[in-house]
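The values are calculated or read from the model by the stated rules, or taken from the named source; none is laboratory data. Note that the structure is a prediction, hence the values are computed from the model and not measured. No Cβ is skipped: glycine too gets one built from the backbone with ideal geometry, and neighbour counts run over all protein chains shown. For accessibility, only protein heavy atoms count, side chains too; no ligands or nucleic acids. Shrake-Rupley method; radii C 1.70, N 1.55, O 1.52, S 1.80 Å.
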Amino acid sequence: MVSHARWKLARDEKVAQGIAEAPEVERRREEISLAFDLGQAVYDRRVALGLSQTELARRAGMKQPQVSKLELGGTVPTVPLLARLARAMDAVFRLELFGSSIRVTFTDLDGAPSEQAAPEPASTAAAEAEADAGAERTAATG
């Protein structure tokens, strides 16, 4: 059995030799990276608030195992679920795409800076109403 370290080393050697990965492999790698980034952002905000996974799940209309799977990067959540999580954590959700980089943050509603992001403006009533309507249209949890 090949360990993760050996597999990564073998992949790095191929890249150094100019052997490119298949587009599907690269796309899947980006999806996995996004799932981990989203999970880390949820975990960071939940811990900063002092919430348990069970409490966050209750607030967001989920089950605790779903929160655990999301935090571990096992799923890419839907937009309505991200809206529910933001409301459950009294936060503004932001996904910033620039080049091949992605930054995911949940920040305070009042715009107070958090450890991982710059201050954000408070959300508007229209945006909250739109998020509420979207969350009501679907019960999908990722």
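What do you reckon, is Ala86 in contact with a helix residue (DSSP H, G or I) (Cβ under 8 Å, 6 or more places away or on another chain), within 24 Å of Asp110 (Cα to Cα) and not basic (Lys, Arg)?
Working: in contact with a helix residue (DSSP H, G or I) (Cβ under 8 Å, 6 or more places away or on another chain): yes; within 24 Å of Asp110 (Cα to Cα): yes; not basic (Lys, Arg): yes.
So Ala86 passes the test.
I'd like the full set of residues that are of a type outside the set (Val, Ile, Thr), in a helix (DSSP H, G or I) and within 21 Å of Ser33 (Cα to Cα), limited to region 50-86. Let's see the steps before the verdict.
Pass one, region 50-86, residues of a type outside the set (Val, Ile, Thr): 50-53, 55-66, 68-74, 77, 80-86.
Imposing the further condition that a residue be in a helix (DSSP H, G or I) reduces the set to 53, 55-60, 64-66, 68-71, 80-86.
Of everything in region 50-86, those that are of a type outside the set (Val, Ile, Thr), in a helix (DSSP H, G or I) and within 21 Å of Ser33 (Cα to Cα) turn out to be Pro65, Gln66, Ser68, Lys69, Leu70, Glu71, Pro80, Leu81, Leu82, Ala83, Leu85, Ala86.
Mind listing just one residue for me: the one in region 66-115 that is aromatic (Phe, Trp, Tyr) and touching a residue at least 12 places away in the same chain (Cβ under 8 Å) and, of those, surrounded by the fewest Cβ atoms within 10 Å (Cβ to Cβ)? Explain how you work it out, then say what you get.
Pass one, region 66-115, residues aromatic (Phe, Trp, Tyr): 93, 98, 106.
Now drop any that are not touching a residue at least 12 places away in the same chain (Cβ under 8 Å), which leaves 93, 106.
Details: Phe93: 22, Phe106: 25.
Result: Phe93.
I'd like to know if region 16-34 contains one or more residues that are loosely packed, with under 13 Cβ neighbours inside 10 Å, in a helix (DSSP H, G or I) and modelled with pLDDT of 90 or more.
So far as region 16-34 goes, no, none of its residues is loosely packed, with under 13 Cβ neighbours inside 10 Å, in a helix (DSSP H, G or I) and modelled with pLDDT of 90 or more.
Residue check, Arg46 against (1) closer than 23 Å to Thr107 by Cβ; (2) of a type in the set (Lys, Arg); (3) open to solvent by 70 Å² or more (accessible area, probe 1.4 Å), all met but one. Which one?
The single condition Arg46 does not satisfy is (3).
Scan region 51-85 for residues that are touching a strand residue (DSSP E or B) at 6+ places or on another chain (Cβ under 8 Å) and at pLDDT 95 or above and jot them down. Even if it seems obvious, please write down each step before you answer.
Of the residues in region 51-85, the ones touching a strand residue (DSSP E or B) at 6+ places or on another chain (Cβ under 8 Å) are 82-83, 85.
Answer for region 51-85, where residues must be touching a strand residue (DSSP E or B) at 6+ places or on another chain (Cβ under 8 Å) and at pLDDT 95 or above: just Leu85.
For region 36-79, which residues satisfy the criterion of being within 19 Å of Val92 (Cβ to Cβ) and of a type in the set (Val, Ile, Thr)?
Within region 36-79, Val42, Val47, Thr78, Val79 qualify.
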